[in-house]
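The values are calculated or read from the model by the stated rules, or taken from the named source; none is laboratory data. Source: prediction; values computed, not measured. Reconstructed Cβ throughout: ideal geometry from the backbone, glycine too, with neighbour counts over all protein chains shown. Keep in mind that these areas ignore ligands, DNA and RNA; they rest on the heavy atoms of the full protein, side chains included. Shrake-Rupley method; radii C 1.70, N 1.55, O 1.52, S 1.80 Å.
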Amino acid sequence: MGTLGGINFYYLNGKAIARKAGGGFNGKAIKTKRSMQRVRENANEFGHCSSVNKAFRTALVPFFRGYRFPYFHSRLMGLFTRLKDLDAINKRGQRRVANGIAHSDGLKLVQHFNYTPVCNVGQVLPFGFAINSSNFELTITDFDINQVGFVEGATHIALLYGVLDFDFDSLDSQLHLAPTLVLDAIDMVSSLTLTPGTLPSGLGTTLCVLGVRFYQAIDGALYALNGKDSVGISVLKCM
């Protein structure tokens, strides 16, 4: 799962394991030796961040269903580790992502994080975004299909917008999606509106998420492209 401070952290048979890189530690020593206190602290926090990571990725599956992101898990681990580090309430070894989200810089980290750098949504759609604070309707203004960053081979782009209500403490979530909007590379529209079918109930942190996916039309049917630049995800706003 990763290495921190010269210690490898991973899961074995569903249990979090910490072991010195290259060997040298056994489970009993890590659990009991006083000198291993920092290792135990890191292992506990690593396991917590990994659980948040899994729940968060699961909540986002509709935005990349059927596609496998390279290094998506490890990139998100970096985000959640930084959020955990913002926890000023709990002592080391017990810090939690939820408390980091509550920090003044927490939501900024989530919103400004580049989830898919190879397919950067802001570069694919270089337009203004506006989100209605009441119904969470997303409006893309000054839209011009000729400015959309189509990838090679793509004839269509699909936009999926949703409001993710995510509790970073309990890891419960609800996703409120707008109907997917598919655009042809020759569509001439000046603005787009995407409206979620349902509204968040205040379960947790509200994340307005926009996903893009490229398709190619062959004999009248659309086929999803699977290149590493063909799927993108962005958090437009956090509340």
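Using the alpha-carbon centroid of each, what span in Å lies between segment 172-239 and segment 119-150?
Answer, in whole Å: 10.
Can you tell me the FRET efficiency between Asp172 and Arg65 if r is taken as the Cβ-Cβ distance and R0 is 22 Å, rounded to the nearest 0.05?
0.60
Once you have all Cα-Cα distances for segment 51-110, histogram them in 5 Å bins from zero and send the whole-percent values.
In order of increasing distance, the bins hold 4, 18, 25, 22, 15, 9, 4, 1 percent.
Could you list log10 I(q)/I(0) for segment 90-217 at q = 0.11, 0.12, 0.18 Å⁻¹, which the Debye formula gives when each Cα is one point scatterer?
Per q value, in the given order, log10 I(q)/I(0) is -0.47, -0.55, -1.05.
Can you give me the accessible area per residue for segment 32-85, using a 1.4 Å probe, in Å²?
Working: 2770 Å² over 54 residues.
Here the per-residue accessible area is 51 Å².
Of Lys54/Lys91; Lys84/Lys108; Lys54/Lys84, which pairs sit farther than 18 Å apart, going by alpha carbon to alpha carbon?
Check vs 18 Å cut-off fails for Lys54/Lys91.
So, how do all the Cα-to-Cα distances of segment 107-174 break down into 10 Å bins, in percent, from 0 on up?
15, 41, 33, 11, 1
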